[in-house]
Amino acid sequence: MAFVITSPCESEKAGECVTVCPVDCIEEGPEQFFINPDICIDCGACVSVCPVDAIVEEYELTPEEEPYLEKAEKFFGNI
Ligand code: SF4
């Protein structure tokens with residue numbers, strides 16, 4: 001399980017999440033930030049600092065937001 005950054009990040013890209021992540025698993029992509037699902041320890045620290053509520057738990061992803069997990073895995077070369 002991991003947290004996933006979804007569509008609201010695309011217009012915001014605030015980046016506060018990067019500074020609070022204890023395991024440094026959030027990186028900036030061209031259109032949004034991404035969480036490396038292989039490294040995320042599920043602590044939830046990033047969720048509350050996101051100004052646009054873009055970060056959700058993997059199992060809470062809506063069907064529309066599901067592709068964002070795959071996008072993150074591709075970004076980090078995990079798949
Ligand atoms: Fe980092 Fe914790 Fe957010 Fe995972 S849940 S990305 S470990 S701050």
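The values are calculated or read from the model by the stated rules, or taken from the named source; none is laboratory data. Just so it is clear, the structure is predicted and the values come from calculations on it, not from any experiment. Neighbour counts run over all protein chains shown; Cβ positions are idealised from the backbone, glycine included. Please note that ligands, DNA and RNA were not included when accessible areas were found on the heavy atoms of the full protein model with its side chains. Shrake-Rupley method; radii C 1.70, N 1.55, O 1.52, S 1.80 Å.
For Val52 and Thr19 in the same chain, what is the full-extension length gain: residue separation times 0.36 nm, less their Cα-Cα distance, in nm? Could you put the intermediate results ahead of the total?
Values: separation 33, 0.36 × 33 = 11.88 nm, distance 1.62 nm.
In short, 10.3 nm is gained.
Using a cut-off of 11 Å between beta-carbons, work out the net charge of the residues near Gln32 (Lys and Arg +1, Asp and Glu -1, Gln32 not included).
Net charge in that neighbourhood comes out at -3.
Using 5 Å bins from zero, what percent of all Cα-Cα pairs in the chain falls into each bin?
Distribution as computed: 3, 18, 32, 30, 16, 2 percent.
For Ile39, list long-range residues whose amide hydrogen, built 1.01 Å from N in the peptide plane, is under 5 Å from its own amide hydrogen.
HN-HN under 5 Å from Ile39: empty list.
Given the alpha-carbon gyration tensor of the stretch 34-79, what are the semi-axes of its equivalent ellipsoid in whole angstrom, ordered largest first, with each equal to the square root of 5 times an eigenvalue?
Taking √(5λ) for each Cα gyration eigenvalue gives 17, 14, 9 Å.
Just the number, please: carbon plus sulfur as a percent of the accessible area of the stretch 3-75, 1.4 Å probe, no ligands or DNA/RNA counted.
Within the stretch 3-75, the accessible surface is 48 percent carbon and sulfur.
Sort 38-44, 13-19 by packing, meaning the average of other beta carbons within 10 Å per residue, with the highest value first.
Ranked from most to least packed, the peptides come out as 13-19, 38-44.
Report, in deg cm²/dmol and to the nearest 500, the calculated mean residue ellipticity at 222 nm for the chain, where each DSSP H run with n ≥ 4 adds -39500 (n - 2.57) and the sum is divided by the residue count.
Details: 4 runs with 24 residues, N = 79.
Mean residue ellipticity, 222 nm, calculated: -7000 deg cm²/dmol.
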